[in-house]
Amino acid sequence: MISRKKIQERPVVVLGMSANGLSVARSLGRKGIFVVGVDHSPEGPAVCSRYIKKFLLAPDTQKRKQLVAFLLSISKNYPEKPVLIPTADEYISFIARNQNELAEGLDFILPSADIVECFLNKKKTFEFCDTHNIPHPKTYYLERGEQCTKIAKQVQFPCVVKPQDSHLWKQHYDEQKAFVASTSGGLIDICNEIKQHSLDVVIQQMIPGPDSNIYEFTAFCNQDSKILASFCCHKLRQYPPHFGI
């Protein structure tokens, strides 16, 4: 059994104190792992978790040099490299783009920045699906400033309007992960509202059905792509309903 002192010599830094960060902190903390919580906001629910042994308020991801330096400074307090686990898209993107520098003081597993971007940016995700013949809903892309009148004549209703980059969208629509349009007029109104924030969006055919129709497969792989842990889950509910966590 690993001693508590040994655990504290190599903590896990959970980057992001949202609901995802809370889940990670609980899972690790219940195993006796020393968890350091980090976020640019002190308001995330994980900040109040008893499993967060230390919380550090960090610069936001727009301050690249400051955040890199801040994260590396954490490792100076421990004899072994802390393990870094990002729990929000903006942090995943940040780590992917600054891997070489951060790897000097922190351990983490992420693919290349190009692959990470492919699955954070929904346009690139669906282009990947097209390339590899993976079935997915009919999808249209609206770049910032473009009019959606043409798409409104082509898309099947109801349709979903959602972000290409979720972490940018969240700055303006915190809990509203997507909008549903039932008519062409409704779609145009939604797009005009979003256009004020200069966001790129995805307009997509809506697959009907309750939240309980959603199943997921999740796996954790090592640096050699060997699956070390995996599970299947059946989603029962989410918040907000239909487009939540």
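Taking the longest Cα principal axis of the chain as reference, the axis of helix 64-75 is set at about 40 degrees. A cysteine counts as unpartnered when no other cysteine's C-beta lies under 4.7 Å of its own; in the chain this applies to Cys48, Cys118, Cys129, Cys159, Cys221, Cys232, Cys233. Residues considered: Ile227, Ile203, Ile95. Largest GNM mean-square fluctuation over the chain, using C-alpha springs under 10 Å, is found at Ile227. Classify segment 30-111 from the C-alpha gyration tensor, please: rounded if a/c falls under 1.5, else prolate or oblate depending on whether a/b exceeds b/c. It is oblate, given that a/c is not under 1.5 and a/b is not larger than b/c. Judged by the ratio a/c of the largest to the smallest principal axis of the C-alpha gyration tensor, the chain counts as prolate, that ratio being 1.5 or greater while a/b is larger than b/c.
Could you compute the net charge surrounding Val14? Neighbours are other residues with a C-beta less than 12 Å from the C-beta of Val14; K and R count +1, D and E count -1. Local net charge: +2. Under 20 Å from a label point set 7 Å out along the Cα-to-Cβ vector of Ala113, the amide N atoms of segment 42-84 belong to 59-73, 84.
For the chain, what does the helix formula give at 222 nm: sum of -39500 (n - 2.57) over DSSP H segments with n ≥ 4, over the residue count, nearest 500 deg cm²/dmol?
Result for the chain, helices only: -9000 deg cm²/dmol.
Considering only alpha-carbon pairs that sit under 8 angstrom and 6 or more positions apart, the relative contact order computed for the chain is 13 percent.
What does the C-alpha gyration tensor say about the overall shape of segment 1-142? Classify as rounded when a/c is under 1.5, otherwise prolate if a/b is larger than b/c, or oblate.
Numbers: a/c = 2.01, a/b = 1.80, b/c = 1.12.
Verdict is prolate for segment 1-142.
Between helix 122-131 and the chain there is an angle of about 80 degrees, using the helix long axis and the longest principal axis of the Cα atoms.
For the peptides 133-142, 62-71, 81-90, residues were scored by their other Cβ atoms within 10 Å and the scores averaged per peptide; the highest-first order is 81-90, 62-71, 133-142. Per residue, the chain exposes 60 Å² of solvent-accessible protein surface, assessed with a 1.4 angstrom probe and all protein chains in place.
The values are calculated or read from the model by the stated rules, or taken from the named source; none is laboratory data. None of the values given here were measured: they were computed from a predicted structure. Using ideal geometry, Cβ is built from the backbone for each residue, glycine included, and neighbour counts are taken over all protein chains shown. Note: accessible area is taken over every heavy atom of the protein model, side chains too, but ligands, DNA and RNA are not part of it. Shrake-Rupley method; radii C 1.70, N 1.55, O 1.52, S 1.80 Å.
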